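Worksheet for the structure shown next.
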Amino acid sequence: MILEKIHLVHYRNYLNQSFSFSKGINYIVGKNAQGKTNLLESIYYCSTTKTHRNVEDVCCIMEGQDSFKIEADIVKKNRHTDMKIIYTKSGKNLFLYHNPIKKVSDFVGFVNVIMFSPDDMNLFSSQPKIRRRFMDIELSKCSKTYLFTLNEFYRVLKERNAYLKNEHLNEDYLEILNEKCAHLESILIYQRNQFLHDLQKISQPFYEKLSSDQTSFSIVYKTFVKPDTVENMKNEIMKIYRDNIDRDIFLKSTEKGIHKDDFVLMIQGKNAEEFASQGQKRTILLSLKIGIVKLIERIIHDEPILLLDDVFSELDEKRRSDLMNLLPENIQIFISTTEMIYKTYDREINTIIIENGNEKKEDTSNGRKA
Ligand SMILES: Nc1ncnc2c1ncn2[C@@H]1O[C@H](COP(=O)(O)OP(=O)(O)OP(=O)(O)O)[C@@H](O)[C@H]1O
Ligand SMILES: [Mg+2]
C-alpha cells in the first residue's frame with residue numbers, strides 16, 4: 001500500500017498544504033515544533049479516524065477554525081483510491097472512492113498503519129490499560145473477528161455489571177451472563193496468547209540484529225486463567241465466576257476477567273521496565289513494531305505503512321544504521337527527524353523539509369543536499 005499524496009486543510013498547524021510521497025523511505029525533516037508529528041498523525045488518522053496522541057480529536061482542528069479536512073491518494077493492490085475525512089465539531093464524514101461511508105468500521109483499517117511514537121515508551125511504565133490498548137489495536141489489525149468479539153464482550157460485561165447492581169438476583173440469569181462472558185473471553189484469551197507468542201517470535205530476530213548485545217527479550221501474557229484450548233478455558237472461567245460470585249455481588253461489578261489482562265516485556269528474564277536502558281526499551285519497541293508489520297503481511301497479506309516518529313533519538317549511530325538496514329524493503333516508511341540525514345544507508349530516500357506547517361522546497365536527492 002502506498003500513500004501517494006496527502007492534502008491537509010486546517011489540520012493542526014497546516015493551513016492548506018499538500019505533500020507528495022515516494023514509495024520507499026520518506027524522511028520528514030524539520031526543527032522542533034514545525035509539524036513533523038502532525039503530518040505523521042494525519043496519516044495515522046487516515047487509518048484509524050483517531051489521533052495516536054492521548055487527546056480528543058477536536059485538538060487536531062487548527063486553532064481558531066471549526067473543522068479540518070484530510071484528503072489522501074492511496075494505491076492499494078495496484079488500485080488508486082481517494083480517501084477523504086472531514087471532521088467538524090458535530091461529527092465526522094468519511095469518504096472512500098468519493099462515496100460516503102456510514103459505518104466507521106468500514107473505513108478503519110482500509111489503510112493499515114503501524115506507528116512508532118515516543119509516547120509508546122509508556123508501554124513499559126504505564127497502567128495495564130495502555131498495554132491492553134496496544135494489544136487490542138494491533139491485534140484488531142490482524143483479525144476483524146477479534147475486534148468484533150472484544151466489542152461483544154464489553155457489551156456483555158456492561159450488562160453483567162449493571163445486573164449485579166440489582167437487589168434481587170436470579171441465579172439462572174447470572175449463569176447465562178457468566179456463560180456468555182466465558183465463551184467470549186476464552187476466544188479472546190486464545191487470540192491474545194497466540195498473538196503475543198507470534199509477535200515475540202517474529203520480533204526476536206529484529207531485536208537481536210538491532211541490539212547486538214546478546215540480550216533477548218520476551219513477552220509474558222498475564223491473564224486470569226492458564227491459556228489452554230478455548231473449550232477448557234471456557235469451563236475454567238465458568239468455575240471462576242461461580243466461585244467468585246459472592247465477591248462480585250459485594251463489589252457490584254465483575255472482578256475477574258480479560259478486562260484486567262496485562263503483559264510484561266522482559267529482557268534477560270527480568271522486567272524491562274525496571275531493568276532495560278532507554279536505548280534497549282526503544283529497541284524492543286522498534287522490534288515489536290517491525291514484527292507487527294511482518295505479522296500483518298503474513299496474516300492478511302497487506303503491506304502496511306510504517307510511521308517512525310522521532311525514532312533516532314536515544315539510538316547510537318550503530319543502532320541507527322542497523323535500523324535503516326533492517327527496515328522492510330517492500331513497504332512505505334515515514335521517518336521524522338530533526339537532523340538532515342546525509343547518510344543514505346543504501347536506501348533510496350525522499351526528503352521533505354517542514355518549516356512552520358509548510359514544505360520548504362529545497363533540491364534534495366537521495367538524502368543529500370544538492
Ligand atoms: N490545533 C492546533 N492548531 C494550531 N497549531 C497546533 C495545533 N496543535 C498543535 N499545534 C502546533 O503545531 C506545531 C508543530 O507540532 P508537532 O508536534 O508536529 O511538532 P514536531 O515538528 O513534531 O516537533 P518535535 O521535533 O518537537 O517533535 C507546534 O508548535 C504545536 O503547538
Ligand atoms: Mg514531533
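If you go through segment 45-58 and pick out every residue that is within 12 Å of ligand 1 (Cβ to nearest atom) and touching a residue at least 12 places away in the same chain (Cβ under 8 Å), you end up with 4.
If only one of Glu185, Glu179, Glu152, Glu159 is acidic (Asp, Glu) and closer than 27 Å to Arg53 by Cα, which one is it? None of the other options fit; the residue is Glu152. In this structure, Val264 does not satisfy being in the same structural domain as Glu159 (by TED's automatic domain parsing), in contact with a strand residue (DSSP E or B) (Cβ under 9 Å, 6 or more places away or on another chain), surrounded by fewer than 14 Cβ atoms within 10 Å (Cβ to Cβ) and hydrophobic (A, V, I, L, M, F, W, C). Would you confirm, using the coordinates I've provided, whether Asp106 is away from ligand 1 (no atom under 16 Å from the Cβ), at pLDDT below 95 and not in a loop (DSSP other than H, G, I, E, B)? Yes: the conditions hold for Asp106. Residue pairs whose Cβ atoms lie under 6 Å apart, separated by 6 or more positions or on different chains, with the first residue in segment 17-44 and in a helix (DSSP H, G or I) and the second of a type in the set (Lys, Arg) and surrounded by fewer than 23 Cβ atoms within 10 Å (Cβ to Cβ), are Asn38/Arg12. Applying the condition of being touching a Leu at 6+ places or on another chain (Cβ under 7 Å) and within 28 Å of Ala33 (Cβ to Cβ) to segment 316-330 and asking which residue is nearest to ligand 2 (Cβ to nearest atom) yields Leu323.
Residues in segment 243-286 that are in a helix (DSSP H, G or I) and of a type in the set (Phe, Trp, Tyr) were compared, and the one that is modelled with the highest pLDDT is Phe250. Screening Glu208, Glu171, Glu179, Glu185 for residues that are among the acidic types (Asp, Glu), assigned by TED's automatic domain parsing to the domain that holds Leu288, surrounded by 13 or more Cβ atoms within 10 Å (Cβ to Cβ) and at pLDDT below 95 leaves exactly one candidate, Glu208.
Can Asn38 be described as on the phi < 0 side of the Ramachandran plot, away from ligand 2 (no atom under 16 Å from the Cβ) and in contact with a strand residue (DSSP E or B) (Cβ under 7 Å, 6 or more places away or on another chain)? Here the answer is no, as Asn38 does not meet what is asked. Of the set (1) surrounded by fewer than 21 Cβ atoms within 10 Å (Cβ to Cβ); (2) more than 16 Å from ligand 2 (Cβ to nearest atom); (3) assigned by TED's automatic domain parsing to the domain that holds Lys23, all apply to Ile333 but (1).
The values are calculated or read from the model by the stated rules, or taken from the named source; none is laboratory data. Since the structure is predicted, the reported quantities are computational estimates derived from the model, not experimental observations. With ideal geometry, Cβ positions are generated from the backbone for all residues, glycine too; neighbour counts draw on all protein chains shown.
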